[in-house]
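J.: Got a structure for you, questions after.
The values are calculated or read from the model by the stated rules, or taken from the named source; none is laboratory data. Predicted model only: the values in this text are computed from it and were never measured. Note: areas computed on protein heavy atoms with side chains; ligands, DNA, RNA excluded. Shrake-Rupley method; radii C 1.70, N 1.55, O 1.52, S 1.80 Å.
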Amino acid sequence: MEATTILPVLKKKLAFLSGGKDRRSGLILTIPLCTEQTSMEELSTTLDYLLSIPSEKCKARGFTVIVDGRKSQWNIVKTVVLMLQNVIPAEVSLVCVVKPDEFWDKKVTHFCFWKEKDRLGFEVILVSANKLTRYIEPCQLTDEFGGSLVYDHMDWLNKRLIFEKFTKESTSLLDELAVINENEKGNQPDKDRPPDCSVLPSFDPETVLQTGHELLSELQQRRFNGSEGGTAWSPMDDELLAQPQVMQLLDSLREQYTKYQEVCRQRSKRSQLEEIQTKVMQVVNWLEGPGTEQLRNQWGIGDSIRASQALQQKHEEIESQHSEWFAVYVELNQQIAALLSAGDEEDLVELKSLQQQLSDVCYRQASQLEFRQNVLQSAHEFHSTAHDLSQQLDGLLGMLCADVAPADASAIQQTLKHLEEKLKSVEGALQGLREKGQALLDQMSNQTSWSYGKDAPIENKENIDHVHNVMEDMQLRKQRCEDMVDVRRLKMLQMVQLFKCEEDASQAVEWLGELLDALLKTHIRLGDDSQETKVLLEKHKKFVDVAQSTYDYGRQLLQATVVLCQSLRCTTRSSGDTLPRLNRVWKQFSVTSEERHHRLEMASAFHTATEKVLRESPEPADFTLEPEVCEEVETVGKSLLERLTVPVIFPDGSEQYFGSPGDMASSAENIREKMKLVEEKRFQQEETVQLQEEETASPES
C-alpha cells in the first residue's frame, strides 16, 4: 500500500506513530479521536498502512496503543478498542484509553475491558492524561499528553511521500539502466551511430540521485540533530529502516549510472573529435587570413583625442570580430583538454597536434591585438594629457593677462595661492605628458616586431615626430607662462606688502586711540604725597614715549604705502583718511598728555609744600612756620582745584574730562583735606606766637 493512494485519509491524522516507545521498547500507536464521527473504515485503512511500515522485529516487541477519548463518546471508544482486536490483536500489548476529566457515566461504561483481556488478546486500561506517565515515560509522549516528544504529522507524511517516490523511481531507473548497459556491452561500437540514440531512461538520473541524497541527508540530520527548534529525539523506526534502504538504492544507482555515462562518452568521443578538427581549421584559416589583413591596415596613432578615439573604435570592431573566433578557440581548447584527460592512446597524438596548432595561431593573433590596443591606449592618454595641459595653460594665461584688483591682502594671498597651484598643476601635467610621450615612443619603437614584413619606419617616423612636436610646443608655452607668473608674483607680493602697511597703519591709529582713551579714563590719580606723584610722573613719561613710538610707526607705514603705490603705479590708491586720523588722534593725545603732565607737576609742588608745613619737629618751640610756604600751599592748591574742574580742549574744539566726576571729586577732597591741615597748622602757630608774646609782656609789666 502506497501513501499516495490514501493521502486524503492519512492527512486526517486518524492514527499515527510518533516514534515514542513504551518501557518494553514497543512502539506507541496513537489514535486521537475527535468530536466528529470517526470513519472506522478510514481508521482501519490508516492502521493497515501504519502497521506495514515497522519491521517484523519491531512488531514482535508489541505496540502500546493510546486511544485519546477526551473529545469523543464512549461508544466510539469502545468500537475502536474492539476494532483493534480484528486489525492487530497479536501486535497489541497494551491499550491506554485516555478518559476525559469528567468521566463517562458509569451506566454507559459498565463494560469492563479488564474482564475481556483473554477474549481481546490485550490489556485495556482507562487512565486520565496526567496519569499516563505511570505507564509511559514523559519523553516518549507527545505534547497532547504532557510529554516532550516532538512530532509533526505533515512533516512525517511529506517524508514518507518523498521516500516512496524515490524508491519507486530509483527501482525503475535501475532496471532501465541495467538493460541499456547490457545491450551496449554486447554490441560493437558503431562510429556512424549518433550518441545517446534511443538510450534515454524514463527518469533523469541526476534528479533521482539528488532526491535520494537530499532524503538521506534529511534522515541523517533528524537522527543526529533532532527536529528543528525542538528537543533532540530518537528517530522513528521507519526512518531508521529507510536510511540503509536509501543508501543501498543510491549505491546501486550510482554504479549503473556511471556505466551508462561511460557508454555515452565512448559513443560521443569520435563525433566530438571530427567536429573539433573542422572547427580548428575554420579558426586557423580566418585568423591567418582576414584577421591578419585587418591588423596590417592599422598603423596610425592620430593627432588629437578625436582621431585617437576613432582609431580605438575601429580597433574595437576588429577585436569584436576576433573575440567571436577566440570564443570558439576557448571552447575547442576545453573540448580537446577533456578528450586528452580521457587518456585514449589512439587519439592523443592527433589531439595534441590540433591543440598546439590552434594555440600558436590564437596566441600570436591575441598578442598582436593586445599590442595594437596598448599603442592606441597610450596614444589616447597622450593626446588627452596634451589637451588637458593645453586647457590649463590657456586658463593660466587668462589669469595672468587679467587685471589685478584685489580687495584686501587675504584676497591677494588667495589669488597668489591659486596661481601657484595652477602653475604646479601645469608642471605636473607637463611631467605626465613627458612620461606618457616616452612610453608611447618606446612602444612604437617595438612596432616593427610584428609588421609581417611591411616597411613601417616611414609611418612610425611621422608618429614619432608628432609626439616630439607636441611635447616641445607644450614646453615652450609652459616656459612663457612661468616668466609671466614670476612678474605677477612680484607684483602681488608688493600689493600684499601695501595692504599690510595700510592695515598696520590703521592698527597704529587704533592703538593710539586706545592709549588716549586709557589716558583719559585711567590716568587720573594725582598721588597722595610727593613721592607717589614723582612715580606717577615717571610712568606718565614712559606712557608718552610709547604713544610717540606708536605715532612714529604709523607715519613710517604711511610713507612706505606711498612708495609702494608709486612702484605699483597704483594712482587710484592712497593713504585715504588714515593719515588725517593719525594726526588728529596724536594731537588729541599730545594735548591730553601735556594737561596730565601739568596737573602732576602742580600736584608735586602742592604735596612738597604741604609736607614741608605738616612735617613734625622734635621740638615744636624751635619750629617756625614760614608765611610764604603757607601762601604757596594755598595758591597752588586753589589752582590745582580749579584745574581739576576744567576739561581738556582738543584742537578741533571738542572737550573731554579726565575720569568720572566722582574720581575728580575724590582728588579734590584729598587736596582740600591737606589745605585744611595746613590752615590748622598755621592757626596753631599763630596762637603759639601770641602766647609767647603775652608771656614776655607780663614780667615787664
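J.: In Å², and per residue, what accessible area does the chain have when probed at 1.4 Å with the other protein chains present? Write down the numbers at each step before the final one.
T.: Working: 39070 Å² over 701 residues.
Roughly 56 Å² per residue, with all protein chains present.
J.: Collect residues whose amide H, placed 1.01 Å from N in the peptide plane, falls under 5 Å from the amide H of VAL65; neighbours closer than 5 in sequence don't count.
T.: Here LEU29, SER93, LEU94, VAL95, CYS96 satisfy the definition.
J.: Give the relative contact order (percent, whole number) for the chain; include only Cα pairs under 8 Å separated by 6+ residues. It would help to have the intermediate numbers written out before the result.
T.: Working: 666 pairs, mean separation 53.1, N = 701.
Once normalised by length, the contact order is 8 percent.
J.: Another question, then. List the DSSP H helices in the chain whose Cα atoms stretch 18 Å or more along the helix axis and whose mean Kyte-Doolittle hydropathy is at least -1.0. Intermediate values should be presented prior to the final figure.
T.: Working: long enough: 74-87 (20 Å, 1.06); 153-186 (50 Å, -0.62); 205-225 (29 Å, -0.89); 237-286 (68 Å, -0.90); 305-342 (53 Å, -0.30); 345-401 (83 Å, -0.43); 409-445 (53 Å, -0.49); 457-521 (92 Å, -0.52); 530-568 (57 Å, -0.25); 578-614 (52 Å, -0.63); 627-644 (26 Å, -0.16); 661-700 (59 Å, -1.29).
Helix filter hits for the chain: 74-87, 153-186, 205-225, 237-286, 305-342, 345-401, 409-445, 457-521, 530-568, 578-614, 627-644.
J.: Same structure again: Identify all lysines with a Cα-Cα distance to LYS12 below 20 Å; exclude those on the same chain that are fewer than 8 residues away in sequence.
T.: LYS71, LYS159
J.: Can you match volume of the Cα convex hull per residue in Å³ to one of these, [x] 252; [y] 498; [z] 593, based on a calculation from the structure here?
T.: [y]
J.: Something else: Restricting to DSSP H runs of at least four residues, report the calculated mean residue ellipticity at 222 nm for the chain, -39500 (n - 2.57) per run over all residues, nearest 500 deg cm²/dmol.
T.: Values: 17 runs with 481 residues, N = 701.
Mean residue ellipticity, 222 nm, calculated: -24500 deg cm²/dmol.
J.: In whole percent, how big is the carbon plus sulfur part of the accessible area of the stretch 3-102, probe 1.4 Å, protein atoms only? Please report the intermediate quantities before stating the final value.
T.: Details: 2030 of 4320 Å².
Carbon plus sulfur share of accessible area: 47 percent.
J.: Output the pairs from LYS165/LYS269; LYS13/LYS168; LYS521/LYS541 with a Cα-Cα distance over 28 Å in this structure; if there are none, say none. The partial results should precede the final answer.
T.: On the way: LYS165/LYS269 35 Å; LYS13/LYS168 24 Å; LYS521/LYS541 17 Å.
From the list (LYS165/LYS269; LYS13/LYS168; LYS521/LYS541), the Cα-Cα distance tops 28 Å for LYS165/LYS269.
J.: Additional query: Aspartates and glutamates within cross-link reach of LYS461: Cα-Cα under 16 Å, excluding same-chain residues under 8 positions apart?
T.: ASP303, ASP442
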